[in-house]
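Chemist: Please find one structure pasted underneath; my questions will follow.
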Amino acid sequence: MSHALPRQRGFTLIEVMIVVAIIAILASIAIPSYRDYIIRGQLTEATTALSGYRAKMERHFQDNRDYRTVGTFVTPCALGNDASRTIGKFVVSCAGTPTSTTYIVQAVGTGSMSGFTLSVNEKDEQKSDAGPAGYGVCARHWILKRGQAC
């Protein structure tokens, strides 16, 4: 009598290696895309903060006809760097001292967003003053995506 060997169940080493290779290929595509998605979200926080700060400056100008401190009406630029100016991964503040007719507000990246600097002025000229590799500098608008042209 011959005894049949019991059939082996499970996966072969080759099958497991193929699955691991497929997962590695998918991860190499998905992880950089996800990082870019996170950066775009954090850049949107910065642009929203800049727009809000610009609105405060314009309200001050409408009330006082001057961007500087007038009497007891303190310009938003003179309120100091407190925690309320840290929005997400950006610190929003005035670049320099405003004049009676001009100002520049900057959002400077910190932590994982260091290297990014965005700004806006009284004419609503939005600029990307600095950015890491893949993000350019642009004097006409904010660069919000990797590879975006000026």
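Where a number appears in this text, it was derived from the coordinates with a stated rule and is not lab data. No experiment lies behind these values; they were computed from the predicted model shown. With ideal geometry, Cβ positions are generated from the backbone for all residues, glycine too; neighbour counts draw on all protein chains shown.
Chemist: If you take every residue apart from L43 with its C-beta less than 10 Å away from the C-beta of L43, what net charge results, scoring Lys and Arg +1 and Asp and Glu -1?
Modeler: +2
Chemist: Based on Cβ point charges of +1 for Lys and Arg and -1 for Asp and Glu, what charge dipole magnitude is obtained for segment 53-124 about its Cα centre, in debye rounded to the nearest 20?
Modeler: 80
Chemist: How far is helix 13-64 tilted off the main Cα axis of the chain, in degrees rounded to 10, range 0 to 90?
Modeler: Approximately 10 degrees, to the nearest 10.
Chemist: Same structure, new question: Quick check on segment 53-132: what does the Kirkwood estimate of hydrodynamic radius come out to from the alpha carbon pairs, in Å?
Modeler: One over the average 1/r among Cα pairs gives 13.1 Å for segment 53-132.
Chemist: With a 10 Å Cβ neighbour count serving as the proxy for reagent exposure, in which order, fewest first, do Y135, Y67 appear?
Modeler: Taking fewest neighbouring Cβ atoms as first place, the list is Y135, Y67.
Chemist: Let me ask something else about it. Report the net charge of residues surrounding E122, where surrounding means a beta-carbon distance below 11 angstrom and charges are Lys +1, Arg +1, Asp -1, Glu -1.
Modeler: Residues close to E122 contribute a combined charge of -1.
Chemist: Give me the net charge of G88's neighbourhood, meaning all other residues with Cβ under 15 Å from the Cβ of G88; Lys, Arg count +1, Asp, Glu -1.
Modeler: +2
Chemist: Starting with the fewest neighbours, write out S128, S28 ranked by other beta-carbon atoms found within 10 Å of each beta-carbon.
Modeler: S28, S128
Chemist: Pop a pseudo-label 7 angstrom from the Cα along the beta-carbon direction at both V74 and E45 and give the gap in nm to one decimal.
Modeler: Result for the modelled spin labels: 2.6 nm.
Chemist: Could you put E15, E45 in order, starting from the residue whose Cβ has the fewest other Cβ atoms within 10 Å?
Modeler: Sorted ascending by nearby Cβ count, the order is E15, E45.
Chemist: OK, next. Please give the contour-minus-distance gain from V137 to S28: 0.36 nm per residue of separation, less the Cα-Cα distance, rounded to one decimal in nm.
Modeler: 36.5 nm
Chemist: Given S33, V16, V92, which one lies farthest toward the positive end of the charge dipole of the chain, if we put +1 on the Cβ of every Lys and Arg and -1 on the Cβ of every Asp and Glu?
Modeler: Among S33, V16, V92, the one farthest towards the positive end of the dipole of the chain is V16.
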